[in-house]
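Step one of this worksheet: look at the structure below.
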Amino acid sequence: MTGRHTADVIVIGAGLVGACCALALSEAGMEVCVVDRRGPAGGTSAAGEGNVLVSDKLAGPELALALRSRRLWDELGSRLPLDFELEAKGGLVVGRDEEEMAAIGDLADRQAAMGVEVERLGPGDLARAEPLLAPDLAGAAYYPQDACLQPMLATAGLLAAADRAGARLMLGIEAAGGTARSGAGMTISTSAGVLGAGAVVNAAGPWSGEVARGLGSTIPVKPRRGSILVTEPLPLAVRHKVYEGDYVAAVVDDASSLACSAVVEATRSGTLLIGSSRQFVGFDATPDVGVLGELARRALRLFPFLSRVRALRTYSGFRPASPDHLPIIGADPAVPGLWHATGHEGAGVGLAPATAELIAALVTGTTPPVDPGPFSPSRFAPAPGARCNG
Amino acid sequence: MAEGQALRFTFSDRVLVGRAGDTVASALIANGIRSWRRTRRGGRPRGIYCGIGTCFDCLVDIGEEVAVRACLRPLQEGDRVAPSGSVGPAGP
């Protein structure tokens, strides 16, 4: 079976990251096959908020990737064959007191030095920007580049474009395991038989740790659950993505129990989405009333009018968390022919196009526009000769 | 109030009669009205779907209250029921 050739590249995962990779690799001239055990956007991509944010990134490599990705989303918005509701609604990071405002301003300064557009708003400007906010807030940082999109529509549009560029979709197919071939490439066994390719891209989100194990490698990706409350549709009441200043702290919080921070935004259909929470509970999808109550309490502190608004439903999803909160993008250090595009946690929608651009450049041996070094999967591999601490 | 006592209410400009113990939805259906709002985007007719307060399909506006679930709300004498704009309350 070593001679079997299904495609130049097999992408495992038809979520937003896999779909972006499929399009970028197809447009780079590769013959691409996308394999997914469910369907397009069947996991994490359908269970988030569609965030394309620069505001929540610390000044560092992830922000560089986010800024590049933000530009790529604009390009995709004008060329994908489907409207995916990309909207630069802008982000407002609000502070309750001077101490929070100092921390928000400090982060904003460091982000601005890397090219992020950010403006500080005092209480008066904040009330004009978002009239229904609680009146006692100290101010905000306003990020006009923050955007959102509808991830299921975006995934469908990306896959349609990849299909036009020659990619094949194999849905309902489970990748069970695989091995590197001598020479180059990999052979993988699936529920639809054995597939072979020069390269395999692991874009399986929170399941990418499992996929890596099946392919003879290990990457430290764990599922981290986020839950979201959905309100009844409202007249335009919340104009921006509005979140508490401690959201960034919650993103980088490693506590296994629970990190919560209010994030409130309106969708195009009029419902409000209220997040955000981050829990390490494996793949347990049981709704957690305590978490939902905490989200509601925090959202009420920002928008008191929500006390008169009903929640229609709730959903939760699993984000692919990496130990250092940086995505895992690049060649597997142990298995030749295996590439990873995962570990984005809650930022996968925003970072997907730039991730795919990196993967396409690395797989085809061209120079990527963003330094891939900080995202290399080899950062988790023990140095040669080093003692393994388990 | 005795079960079954007549209650007058209006739907849009029509004067209708329901019975004590009716929900707004059951009173509308008893008056032969099976659809009482249109979807916001597609303009498609909606009335009772789940009947137990979960689907939010049966919304009506009643007086100053907006987006009321007709299947849960007991009918009251004098209710002014109108097709809902299907959006909840906002504003100070």
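The values are calculated or read from the model by the stated rules, or taken from the named source; none is laboratory data. Since the model is a prediction, treat every value here as computed from it, not as a measurement. Note: ideal-geometry Cβ built from the backbone for every residue, glycine included; neighbour counts use all protein chains shown.
Annotation: A:R298 fulfils all but one of (1) assigned to a helix (DSSP H, G or I); (2) buried (at least 16 other Cβ atoms within 10 Å of the Cβ); (3) in contact with a Leu (Cβ under 9 Å, 6 or more places away or on another chain); the unmet one is (3).
If you go through the stretch A:305-320 and pick out every residue that is buried (at least 16 other Cβ atoms within 10 Å of the Cβ) and out of contact with any His (no Cβ under 9 Å at 6 or more places or on another chain), you end up with 9.
Taking the stretch A:110-143 as the range and being part of a helix (DSSP H, G or I), more than 18 Å from A:V54 (Cα to Cα) and free of Cβ contacts under 8 Å to residues at least 24 places away in the same chain as the test, the residues that pass are A:P123, A:G124, A:D125, A:A127, A:R128.
A:A237 meets all of the listed conditions (1) under 22 Å from the mean Cα position of the chain (by Cα); (2) closer than 19 Å to A:A134 by Cα but one, namely (1). Of all the listed residues (A:R297, A:R313), the sole one being within 24 Å of A:V242 (Cα to Cα) and within 14 Å of chain B (Cβ to nearest Cβ) is A:R313.
Note on the stretch A:257-277: among residues that are among the polar types (S, T, N, Q) and either part of a strand (DSSP E or B) or within 12 Å of A:I228 (Cβ to Cβ) (or both), the one that is farthest from the chain's Cα centre (by Cα) is A:T271.
Just to check your reading of the model, which residue among A:L351, A:L362 is of a type outside the set (G, A, S), closer than 16 Å to A:G48 by Cα and at pLDDT 95 or above?
Sole residue among the options that is of a type outside the set (G, A, S), closer than 16 Å to A:G48 by Cα and at pLDDT 95 or above: A:L351.
When restricted to residues that are surrounded by 21 or more Cβ atoms within 10 Å (Cβ to Cβ) and either of a type in the set (G, A, S) or more than 13 Å from A:L82 (Cα to Cα) (or both), the stretch A:143-160 contains 6. When the stretch A:192-217 is limited to residues that are surrounded by fewer than 17 Cβ atoms within 10 Å (Cβ to Cβ) and without any contact (Cβ under 8 Å) to a residue 40 or more places away in the chain, the one that is farthest from A:S276 (Cα to Cα) turns out to be A:G193. The residue that is surrounded by the fewest Cβ atoms within 10 Å (Cβ to Cβ), among those in the stretch A:227-241 that are within 21 Å of A:A141 (Cα to Cα) and away from chain B (no Cβ under 14 Å), is A:H240. Scanning the stretch A:172-191 for residues that are under 12 Å from A:D36 (Cβ atoms) and not acidic (D, E), we see that the one that is surrounded by the most Cβ atoms within 10 Å (Cβ to Cβ) is A:A175.
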